[in-house]
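For reference, the structure discussed in these notes is given below.
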Amino acid sequence: MAEVTVRNVKKRYGTVQVMHGVSVDIEDGQFVVLVGPSGCGKSTLLRMIAGLEQISEGQISIGGRVVNDVMPKDRDIAMVFQSYALYPHKTVAENMGFALKIKGAPKSEIDAKVQKAASILDLGHLLDRYPKQLSGGQRQRVAMGRAIVRDPAVFLFDEPLSNLDAKLRVAMRVEIKELHQRLGTTIVYVTHDQIEAMTMADKIVVMRDGRVEQIGAPLELYDHPSNTFVAGFIGSPAMNFIKGKVEAPGTFLAEGGARLPLPEVSAEAGRPIVYGIRPEHIDIGEGGVAARVSVLEPTGSETQVFARLGTDSIDAVVKDRLTVQPGTEIPLRIDPRRVHVFDGASGARI
Amino acid sequence: MRSNKVGWLLLTPTLLLLGVFGILPFIYVLFLSFHQWNPFGASPDRIFIWGNNFRRLVFDGEFLLSIWVTLKFAFFAVFSEIVIGYLLAQLFMREFPGRAVFRTIHTLPLIVAPIVVGSVWRLMTTPSIGIIPYYANQLFGIDINIGRDAGTAFMFTVIMDIWHWTPLVTLTLLAALLSLPKEPFEQAQIDGASRAQIFWHITLPMIRPAILATVFIRLMDALRTVDEVWMLTGGGPGAATRYIGLHIWKVVFPKTDYGYGSAISVIVLYLTLVMCWMLYVGLVAPRNKGN
């Protein structure tokens, strides 16, 4: 086990800079998720921690040791790739024991460690199979088993669940989390799926365009997003954003004409702002703002309501089963304490 | 609607061509191999002699020598081509100035007809006028004479074959290397494998099918080499480079011993099949499980 420190890391490909001074502190035993849209640099950062990419500037240390110029094999890490990267010509047991075999470990030790990892991941009956004879989920587990066998200081996961179907993804998510609780090893995990990030992480690093947008615990990011990007990225369905201005203390006037309740913020009247409210923080009831229903999406446990507030769109998730017809007006009630206010120009939280 | 009749109708021209130019000649050669037939010899009649031609082969020193030198030639040529072809393919995987030009130039030997390759190498190796003996003598004081020295003649047939066919191996292996996913190699780096271990444990098994396909193709080609060697050495000195194709040609044409020539052809075909089958059983089948 070890802590990982990323200090002001930059990455350039020729004249193109893709990483602009990223800094992240990962404590020993922590489960950290790097999340962001495609091309935000999360996988590049992971690969730099692994040593598969050189860093152009900055410093990465693992367990207190600067590893900028250390070969991947000497960093005491194990990585699980999105494509699993299993050796197709080796059996499951050979795949899992390869790193130990390369080190020259005795066969009895390799067998024992492979067996132990296989029992943790319930792979015992698959040890003699080849990767092509396994399902996606089994391959995923073999890739994890291969990482466990090495007993590394840090596990690196690069979108390991992206190739699995939705149901299996949920199951594997639980399995990985259980594995972390059991082994207690530091994990750096890359995903573009914010649900994965929210459910698994001790700490989330939200990235965009090679920069860190915000670092924090999942609920901290959910409750106090530092800007519109993080607010929109974390949470599902995504937060509603309505452009407008502060009309008077406690009142927001949308560009589309609707008036909505504002919390106490240090924004003077007339200042352009972005009004953010999560769909699950809106309910239907007396005293609400009138909105015209466009589409209803019942999922059984809840109903997602797409509606129009003047010319703005708004999205609400309610526990009730609604029977209203599209075009009907319903009163949407917003608790001002749940409202997020962002600067109209920069998108930063006010 | 799919109709079997239409399918067969469409296949007929191909089957006819294959039958007339492939299967019938083979059957005819097989038929002749059981006969004694030398139309320009003392007894021009075609006489059925059972398997006597095949029995004669076993005691024919010239034939056995020819088989031996052919196998030697095929081994050295194909082995060298695979090794050099792989190294060149690895080189072309890397970025370096002029890579595209070098890659194009390097494939040019492939488009040269074998008879021309033979002529050019003959010109280059002929003592007193060839560039190779000249510089070998000037720079190293070595006297090269492929018309006199059997070992040198053999070596130059191998070098010529390597020059001509390595680009094919390079292209095949380059295609195989380019098609490999990069993650297993990164995984191997993380697993702590050295370059040699990555080559041995990852690269080689993953491109094994391409290597074996190339070995099959090149082996079959090498076993039937005629024109290049005919131009370069004429099979000499003595019978040092009289590879089996050349030997068959000598038996069938100058000597017009059609029956015996056919028997050699049949046995060579059989040997080729057996060698390929052994290669397949020994190398491909047992390791094919994971791929």
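The values are calculated or read from the model by the stated rules, or taken from the named source; none is laboratory data. All values derive from a computational prediction rather than experimental measurement. Here Cβ is always computed from backbone atoms with ideal geometry, including for glycine, and neighbour counts include all displayed protein chains.
Miscellaneous remarks
- Hits in the range A:261-314 (condition: of a type in the set (A, V, I, L, M), in contact (Cβ under 8 Å) with a residue 60 or more places away in the chain and touching a Lys or Arg at 6+ places or on another chain (Cβ under 7 Å)): A:Ile273, A:Val274, A:Ile277
- Unique residue being within 16 Å of A:Phe157 (Cβ to Cβ), modelled with pLDDT of 90 or more and of a type outside the set (Gly, Ala, Ser) when the list is A:Ile77, A:Ile60: A:Ile77
- Residues satisfying the stated conditions in the range B:232-259, i.e. in a helix (DSSP H, G or I) and either in contact with a Leu (Cβ under 8 Å, 6 or more places away or on another chain) or surrounded by fewer than 21 Cβ atoms within 10 Å (Cβ to Cβ) (or both): B:Ile244, B:Gly245, B:Trp249, B:Lys250, B:Val252, B:Tyr258, B:Gly259
- Leading residue by the ranking (modelled with the highest pLDDT) among those in the range A:306-330 that are surrounded by fewer than 17 Cβ atoms within 10 Å (Cβ to Cβ) and either under 20 Å from A:Pro263 (Cβ atoms) or β-branched (Val, Ile, Thr) (or both): A:Thr328
- When the helices (runs of 4 or more DSSP H) confined to the range A:107-216 are screened for residues that are outside the structural domain of A:Thr228 (by TED's automatic domain parsing), none reaches at least 3 such residues.
- In the condition set (1) touching a helix residue (DSSP H, G or I) at 6+ places or on another chain (Cβ under 9 Å); (2) surrounded by fewer than 22 Cβ atoms within 10 Å (Cβ to Cβ); (3) among the hydrophobic types (A, V, I, L, M, F, W, C); (4) more than 14 Å from chain A (Cβ to nearest Cβ), B:Met278 is compliant with all but (1).
- Residue ranges of strands (runs of 3 or more DSSP E) in the range A:272-350 with at least 3 members within 30 Å of the chain's Cα centre (by Cα) and more than 30 Å from A:Gln214 (Cβ to Cβ): A:282-298
- Search result, residues across the range A:194-237 that are within 12 Å of A:Val35 (Cβ to Cβ) and among the polar types (S, T, N, Q): A:Gln194, A:Thr199, A:Gln214
Each row is one residue, and each column tells you yes or no for (1) away from chain B (no Cβ under 13 Å); (2) aliphatic (A, V, I, L, M).
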{"residue": "A:Ser43", "(1), (2)": "no, no"}
{"residue": "A:Ile49", "(1), (2)": "no, yes"}
{"residue": "A:Glu53", "(1), (2)": "no, no"}
{"residue": "A:Ser61", "(1), (2)": "yes, no"}
{"residue": "A:Pro72", "(1), (2)": "no, no"}
{"residue": "A:Ile77", "(1), (2)": "no, yes"}
{"residue": "A:Gln82", "(1), (2)": "no, no"}
{"residue": "A:His89", "(1), (2)": "no, no"}
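- Selection status of B:Thr172, surrounded by 13 or more Cβ atoms within 10 Å (Cβ to Cβ), under 19 Å from the mean Cα position of the chain (by Cα) and under 22 Å from B:Ala213 (Cβ atoms): yes
- Test set (1) surrounded by 19 or more Cβ atoms within 10 Å (Cβ to Cβ); (2) in contact with a Gly (Cβ under 6 Å, 6 or more places away or on another chain); (3) more than 9 Å from every other protein chain (Cβ to nearest Cβ) - A:Arg173 fails condition number: (2)
- Residue within the range B:37-50 that is part of a helix (DSSP H, G or I) and exposed (fewer than 14 other Cβ atoms within 10 Å of the Cβ) present: no
- A:Val33, sole failed condition from (1) more than 9 Å from chain B (Cβ to nearest Cβ); (2) at negative phi; (3) free of Cβ contacts under 8 Å to residues at least 24 places away in the same chain: (3)
- The numbered conditions (1) surrounded by 17 or more Cβ atoms within 10 Å (Cβ to Cβ); (2) among the hydroxyl-bearing types (Ser, Thr, Tyr); (3) over 22 Å from A:Ile234 (Cα atoms) are all true for A:Thr303 except (3).
- Residue match in the range B:58-67 (condition: within 30 Å of B:Gly238 (Cα to Cα), in contact with a strand residue (DSSP E or B) (Cβ under 9 Å, 6 or more places away or on another chain) and not in a helix (DSSP H, G or I)): no
- All positions within the range A:38-52 that are assigned to a loop (DSSP other than H, G, I, E, B) and in contact with a strand residue (DSSP E or B) (Cβ under 7 Å, 6 or more places away or on another chain): A:Cys40, A:Gly41
- Qualifying helices (runs of 4 or more DSSP H) (wholly inside the range B:102-197; at least 3 residues being more than 14 Å from chain A (Cβ to nearest Cβ) and closer than 26 Å to B:Met220 by Cα): B:114-125, B:150-178
- Filtering A:Glu178, A:Glu196, A:Glu280 for residues that are over 30 Å from A:Val149 (Cα atoms) and charged (D, E, K, R) leaves a single hit, A:Glu280.
- Hey, A:Leu127 within 30 Å of the chain's Cα centre (by Cα) and under 29 Å from B:Leu204 (Cβ atoms) or not: no
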